[in-house]
1. Starting from 0 in steps of 5 Å, tell me what percent of the Cα-Cα pairs of the stretch 1-116 lands in each bin.
2. Separation between the T72 and A107 pseudo-spin-labels, each 7 Å from Cα along Cα→Cβ, expressed in nm?
3. Quickly work out the L41-to-I93 label distance, labels modelled 7 Å from Cα along the C-beta direction, and quote it in nm with one decimal.
4. Counting Lys and Arg as +1 and Asp and Glu as -1, what is the net charge of the other residues whose Cβ lies under 11 Å from the Cβ of I93?
5. Among residues other than E20 whose Cβ falls under 13 Å from its Cβ, what is the net charge (Lys/Arg +1, Asp/Glu -1)?
6. For the chain, what's the relative contact order in percent, using C-alpha pairs closer than 8 Å and at least 6 residues apart?
7. Can you give me the distance in nm between label points at E25 and N13, each placed 7 Å from the Cα along the Cα-to-Cβ direction?
8. When Lys and Arg each count +1 and Asp and Glu each count -1, what net charge do the other residues less than 15 Å away from E53, Cβ to Cβ, add up to?
Amino acid sequence: MSEQPFTHQQLFNLKLETIEQRLMEYYQETQNGTMTIKLLLALRVRYQLGAKEFALVLQDLVHYLFKNTKATKTMKRFFWYFADYFETSELRILALKLDPIRNFIEATKSLIKSQIAKLFHLESDPEAT
């Protein structure tokens, strides 16, 4: 198959079943997770424009791509657009997988803030009594 399996007209006009079948075939043939994520994102846009049948299109494929394949820049960039596809516990795990540095920094900031808050709380208690 070509690098671009759908035209923009096809993405926004084909029936759900046809797109699902072709997109699955495309991924199975090419194993191109980056392009597949971009195409799934276009289908999310179609859903947002009113095609409600595209709400959780190819949910199993989305789960597979984010959980079982190597994280790519595209996956990291567009992950939060697919948050509806995952439960809260899955989101936390995937967020750690896809952006471990940001999560480390946030955890470190939180720890430092809590330690500072404890320090100020301990200093203010003797004055209150």
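Read-outs throughout are calculated quantities, based only on the coordinates presented, and are distinct from any laboratory measurement. If you're wondering where the values come from, they're calculated on a predicted model, not measured in any experiment. Positions of Cβ are backbone-derived with ideal geometry, glycine not excepted, and every protein chain shown enters the neighbour counts.
1. Here the calculated profile for the stretch 1-116 is 2, 10, 21, 20, 18, 11, 7, 4, 3, 2, 1, 0.
2. So the label points at T72 and A107 sit 2.8 nm apart.
3. Between I93 and L41, the simple spin-label model gives 2.5 nm.
4. Local charge sum for I93: +1.
5. After counting each charged neighbour, the total is -1.
6. Contact order relative to length: 19 percent.
7. Here the modelled spin labels are 1.9 nm apart.
8. That sum, taken over residues with Cβ under 15 Å, equals +1.
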